[in-house]
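See structure below.
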Amino acid sequence: MALPSTISAARAMAEGLPTQLIHEGVKEYPKPEAVKFTYGTAGVRTKGAILESVCYRIALISALRSKKLGGKTVGLMVTASHNPEEDNGLKAVDARGEMLESSWESHCTAAVNATNADELIAALETLISTAKINLSTPASVVYGHDTRPTCPALCKALASGLAAMGANIIDAGLKTTPQLHYLVKALNTKGTPDAYGEPTEEGYYAKLSAAYISLVSKFPPTSSPLIVDCANGVGAAALIGLKKHIGEQYLLIKAQRTDTKTPGALNSGCGADYVKTNQRLPSGYEKESSLAPGERMCSFDGDADRIVFYYLRGPASQPDSFRLLDGDKIASLAADYIVELVKKAGVELEVGCVQTAYANGSSTKYLQQRVPVTCTPTGVKHLHAAAERYDVGVYFEANGHGTVLFSESAQRTIKEAEPSSPAAEDALSQLSALVELINQTVGDAISDMLLVEVILRSRQWGAEDWDGAYEDLPNKLLKVTVKDRFAFKTEDAERKLISPVGLQAKIDNEVAKYKGARSFVRASGTEDAVRVYAECALAPELDKLATAVARLVQETDV
Ligand code: 16G
Ligand code: MG
């Protein structure tokens, strides 16, 4: 189908939805039969080969979202993050660079499951009347994609949907997910007093690198390189871009797993999810590199919005040498550092931390002794919203998704404060640079990597010093396949099951048998399974506890 001219489509919009074009689009991108799509925590995610209809339809909704927001630019990102290469997905980004407003998710689900054009148009009309959208408002949408082979076809479907709606289309090309979020925010704030940065990929590197260099330049450099596993994904390209802006005297990086061309390489035996889930080095690392004990290493995921660090305490051949520094450890490092700076700066700001039930109990205990801590359900949007309630909200999932949010008033306080001493002045200027360094729109592997490097450099710490903050409780994550995962409903930030009735009491009984134990069960938002998390004080008891809870889930499955 040829792309309709934006002007004629825009004219048609003034009268109503471009129904003729939508009929053509649905014909060109038919919904696969017998597939039910869900727009959930990570947008829609499934096999890339069956996603064209989803892209076309979510594009229509994005144009409506932009209209709803008075023509501000919204974003679409084509990625399946840490999932295997044949998967793909689509995620919508709102005008301030945050996740799509959650009340729109059900409209997305309705639109992607409509079986024909009339049903789709009806779903869009419901959205238009519910959200009171003025169709004559212009629309603008920027989209980007990761390195998956299905991306070009999906982007084509997406562009076709945007053109049908007469939207202004900005094709950002290959981007990390956080870069796309950055672009949305930068485009919408350009030329205003809140300008976030140049709305280009170069602008992103320039902003981060300037802040990073100003933060580290007064500390002696670390001589050992940071070994970065790019998951054979888009993070590899971003790292090259970043290195052009930050000289080796400031950051010595050894990039690994940068192969974005070999089919099947993406996230295979590497990446943040592999390292976190298996609690081990990327596959093959031991053989390739002469890994000195203590050397800092980190892994991005496939779209570079997640990062975990790790190091070896002894020789790679010893199984207990591997030490993980996950999202919880990053949160603790960041919260400590920011609390200290706020104190030194002499400003009144409440620093708080947001975690999920997956946070290791030791990290929660450590953080609670220092800052207020909130627990939310899994998924970035929940943590992000809770972090916005603090002046400075540090949020991280254990899996490495996270960032730090400085509220508008906190930013003003930092900017306008009158320092009472040279030390306070220095702390204030470091806080100002942190506001620039940290991607405030969403967790960002590159920005988080730089943040960790800044803190380690300023403390003159190695990985082992950082690791010393607390000792993780032994923990395990199991996946149970059930008939209907939606039967598993939770409350109290996913820490308690309310359905199936009676199961929670049985889990509590089991947990009570072990020292310092905790376990919870929740339905996955991204896979057709139920997840079981267990932790306890004594490592030899862990398997028994996790298996017992998993068995309870299986027995209750109806
Ligand atoms: C998605 C979420 C991530 C969460 C994960 C949980 C976003 C951008 N991503 O990847 O935050 O940790 O889902 O997966 O919100 P699960 O529901 O399958 O356990
Ligand atoms: Mg990701």
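The values are calculated or read from the model by the stated rules, or taken from the named source; none is laboratory data. Computed from a prediction, not measured in an experiment: that's the story for all the values here. Glycine also receives a Cβ, built like all others from the backbone with ideal geometry; neighbour counts cover every protein chain displayed. The area values use the complete protein model at the heavy-atom level, side chains included, leaving out ligands, DNA and RNA. Shrake-Rupley method; radii C 1.70, N 1.55, O 1.52, S 1.80 Å.
So, in nm, how far is label D171 from label V501 when the simple model puts each one 7 Å beyond its Cα toward the Cβ?
Those two pseudo-labels are separated by 5.7 nm.
For the stretch 475-555, how big is Rg over Rh, using alpha carbon atoms and the Kirkwood form of Rh? Numbers along the way, then the final one.
Values: Rg = 11.7 Å, Rh = 12.5 Å.
Here Rg/Rh amounts to 0.94.
What is the stretch 6-174's relative contact order, in percent, from Cα pairs under 8 angstrom and six or more apart in sequence? Intermediate values should be presented prior to the final figure.
Values: 320 pairs, mean separation 60.5, N = 169.
It comes to 36 percent, rounded to a whole number.
What would the Debye formula give as log10 I(q)/I(0) at q = 0.14, 0.16 Å⁻¹ for the alpha-carbon point model of the stretch 146-296, no solvent?
Evaluating at q = 0.14, 0.16 Å⁻¹ gives log10 I(q)/I(0) of -0.88, -1.07.
Quick check on the chain: helices-only [θ] at 222 nm, where DSSP H runs of length 4 and up contribute -39,500 (n - 2.57) each and the sum goes over total residues. Nearest 500, please. Walk me through the intermediate numbers first.
Values: 20 runs with 231 residues, N = 558.
Helix contribution divided over all residues of the chain: -12500 deg cm²/dmol.
I want to check the label-to-label distance for R412 and S223. Put each point 7 Å from Cα in the C-beta direction and report it in nm to one decimal.
4.9 nm
What Kirkwood radius, in Å to one decimal, follows from the Cα pairs of the stretch 6-174? Each step should come with its number before you reach the end.
Numbers: mean 1/r = 0.0650 Å⁻¹.
After inverting the pairwise mean of 1/r, the radius is 15.4 Å.
In terms of modelled amide H atoms, which long-range or inter-chain residues lie less than 5 Å from the amide H of G271?
For G271, the qualifying residues are A231.
Run the accessible area of the stretch 202-325 with a 1.4 Å probe and give the carbon-and-sulfur part as a rounded percent. Walk me through the numbers before you get to the answer.
On the way: 2540 of 4870 Å².
The nonpolar share, carbon plus sulfur, comes to 52 percent.
Between the alpha-carbon centers of the stretch 117-195 and the stretch 379-426, tell me the distance in whole angstrom.
So the separation of the two Cα centres works out to 29 Å.
In whole Hz, with x marking every Gly and Pro, tabulate ³J(HN,Hα) for the stretch 238-250 from phi via Karplus 6.51 cos²θ - 1.76 cosθ + 1.60, θ = phi - 60°.
My calculation for the stretch 238-250 gives 5, 5, 4, x, 5, 4, 5, 9, 10, x, 5, 5, 9 Hz in order.
Are there GluC sites (Glu not before Pro) in the stretch 165-270 that DSSP puts in a loop and that have at most 12 other Cβ atoms within 10 Å, and which ones? Mind showing how you got there, number by number?
Values: sites: E201, E202, E248; in loops: E248.
Loop-located and lightly packed - E248.
How large is the accessible surface of R257 in square angstrom, using a 1.4 angstrom probe and rounding to the nearest 10?
Looks like 40 Å² after rounding.
Per residue of the stretch 433-448, in order, report the coupling 6.51 cos²θ - 1.76 cosθ + 1.60 (Karplus, θ = phi - 60°) as ³J(HN,Hα) in whole Hz, putting x for Gly and Pro.
3J(HN,Hα) across the stretch 433-448, in whole Hz: 5, 5, 4, 6, 6, 8, 5, 7, 8, 5, x, 9, 4, 5, 5, 5.
Tell me the net charge near N267. Cut-off is 9 Å between Cβ atoms, N267 excluded, with +1 for each Lys or Arg and -1 for each Asp or Glu.
Working: positive: none; negative: E85, D273, D301.
Neighbourhood net charge equals -3.
Find out how many positive minus negative residues lie around R45, taking Lys and Arg as positive, Asp and Glu as negative, among other residues whose Cβ is under 11 Å from that of R45. Show your work: numbers first, answer last.
Details: positive: K47, K91; negative: D87, E527.
That sum, taken over residues with Cβ under 11 Å, equals 0.
Of all GluC sites (Glu not before Pro) in the stretch 86-159, which ones are in loop regions per DSSP and have a Cβ with at most 16 other Cβ atoms within 10 Å?
On the way: sites: E86, E98, E101, E105, E119, E125; in loops: E86, E98, E101.
For GluC sites (Glu not before Pro) across the stretch 86-159 that sit outside H, G, I, E and B with at most 16 neighbouring Cβ atoms in 10 Å, the list reads E86, E101.
Summarise the accessible area of the stretch 6-174 (1.4 Å probe, protein heavy atoms) by the percent that is carbon and sulfur.
So the carbon and sulfur contribution to the accessible surface is 55 percent.
Only sites in a loop by DSSP and with at most 16 other Cβ atoms within 10 Å count here; which GluC sites (Glu not before Pro) in the stretch 15-79 make the cut? Walk me through the numbers on the way to the answer.
Values: sites: E15, E24, E28, E33, E52; in loops: E33.
Answer in residue order: E33.
For R257, what is the net charge nearby, where nearby means another residue's Cβ is under 12 Å from its Cβ and Lys, Arg count +1, Asp, Glu -1?
On the way: positive: K254; negative: D229, D259, E288, D301.
The answer is -3.
Computing the accessible area with a 1.4 Å probe over protein heavy atoms, can you report the carbon and sulfur percentage for the stretch 475-555?
Details: 2180 of 4220 Å².
In the stretch 475-555, the share of accessible area belonging to carbon and sulfur is 52 percent.
Ignoring ligands, DNA and RNA, what accessible area per residue does the chain give at 1.4 Å, in Å²? Could you put the intermediate results ahead of the total?
Numbers: 22160 Å² over 558 residues.
Accessible area per residue: 40 Å².
For the stretch 6-174, give the share of DSSP beta bridges that are antiparallel, in percent and rounded to the nearest 5; count only bridges with both residues there.
Details: 10 of 22 bridges.
Here the share of antiparallel DSSP bridges comes out near 45 percent.
Assigning unit charges at the beta carbon (Lys, Arg +1; Asp, Glu -1) and nothing else, what dipole magnitude in debye, to the nearest 20, does the stretch 233-390 show about its Cα centre?
Numbers: 19 positive and 17 negative charges, 30 e Å.
That gives the stretch 233-390 a dipole magnitude of about 140 debye.
What does the highest-first list of 376-388, 469-481 look like by mean Cβ count within 10 Å? Don't skip to the answer; put the middle values down first.
Numbers: 376-388: 20.5, 469-481: 16.6.
Ranking the peptides 376-388, 469-481 by packing returns 376-388, 469-481.
Give the span of the chain's Cα atoms along each principal axis, as three whole-Å numbers ordered largest to smallest.
65, 61, 47
I'd like the Karplus ³J(HN,Hα) series for the stretch 73-84: coefficients 6.51, -1.76, 1.60, θ = phi - 60°, whole numbers in Hz, and an x wherever there's a Gly or Pro.
Residue by residue, the stretch 73-84 yields 6, 10, x, 9, 10, 9, 6, 10, 6, 8, 5, x Hz.
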